[in-house]
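Report on the structure given below.
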Amino acid sequence: MIAPSMLSADFARLADEAAVVAGEPGNGADWLHIDVMDAHFVPNLTLGLPVVESLLKATSVPLDCHLMIEDPDRWAIGYAEAGAYNVTVHVEAARDPVALAADLRAAGAKAGLSIKPGTPLEPHLDTLRHYDTLLVMSVEPGFGGQQFMPEVLDKVRAARRMVDTGHLTLLVEIDGGINADTIEAAAEAGVDCFVAGSAVYGADDPGKAVRALRDKVRAAAPHRGWA
């Protein structure tokens, strides 16, 4: 799965930027990744719920809302109620992540849990049993265009083992520095969904860039059934 990050898109043309990567089923973007930042949990301010509500009216591609915000227990449910397909919160910010996962699902969304590069996976394995998606950050959250941190792939491999052995039932997603040079290593480690920002929207043809990234995933991990 390829999820172009709208953080790297032209904010004045979000509907057009969504359309250019939509493509045909199985050929275009699988999700659109929406980075919501509040200038408190991370040092940046981006899109919020009103923009997400507008974008939901403009595209049929499922929205993957990544909330890099303080107090997600209070605010995350609004994104699910608006119609976001997947709503991801940070384990470092959530007060009661287990209850929040249940509330997100009750509101109609998949529940995602994200961990920063320096956050270990193991203390949160019991919590992850309540979630549909694990988002491993491969950069420090806050800004696009950062360099990929390969050391986080150990967490991806550990999560992949837990999924493959049935200890967890979730999708493994990665976000940060994903491009043509790094996506193969992430695929080999066991990632299911790849968030790519500048690698897509910095290309002359964003739709073609999505297809090229997917081709690299298929080549790197044919055993996953993507070939």
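For segment 58-78, list residues with backbone N below 14 Å from a point placed 7 Å from the Cα of H40 toward its Cβ? Within reach of a label on H40, which here means backbone N under 14 Å from a point 7 Å along Cα→Cβ, segment 58-78 contributes 68-76. How many percent of DSSP beta bridges within the chain run antiparallel, rounded to 5? In the chain, approximately 5 percent of DSSP beta bridges are antiparallel ones. Shape analysis of the chain based on the Cα gyration tensor places the equivalent ellipsoid semi-axes at 23, 22, 16 Å, largest first. Each residue, E140 and V51, gets one label point 7 Å from its Cα in the Cβ direction; the gap between the two is 2.2 nm. Once the Cα-Cα distance is subtracted from the 0.36 nm per residue extended length, the A12 to Q147 segment shows a gain of 46.0 nm. Close amide H contacts of V91 (hydrogens built in the peptide plane, cut-off under 5 Å, sequence separation of 5 or more or a different chain): S114. Legend: translational diffusion of segment 1-103 by Stokes-Einstein, Rh = Kirkwood radius over C-alpha pairs, 37 °C, 0.692 mPa s; D = 235 µm²/s. In this calculation the C-beta distance from N27 to R157 is compared with R0 = 35 Å, giving a FRET efficiency of 0.75. For R74, R157, the sequence from fewest to most other C-beta atoms within 10 Å is R74, R157. One decimal place: the segment T169-A185 gains 3.5 nm when fully extended, by the rule 0.36 nm per residue minus the C-alpha distance.
Remark: H130, H66 ranked as H130, H66, counting other beta-carbon atoms within 10 Å and listing the fewest first. In terms of other Cβ atoms within 10 Å, K216, K208 run from fewest to most in the order K208, K216.
The separation of segment 1-71 from segment 77-115, counted between C-alpha centres, amounts to 16 Å.
Each reported figure results from applying straightforward, stated rules to the coordinates on display, with no laboratory input. In this text the structure is predicted, and so the values were computed from the model without any measurement. So basically every Cβ, Gly included, is an ideal-geometry build from the backbone, and we count neighbours across all protein chains shown.
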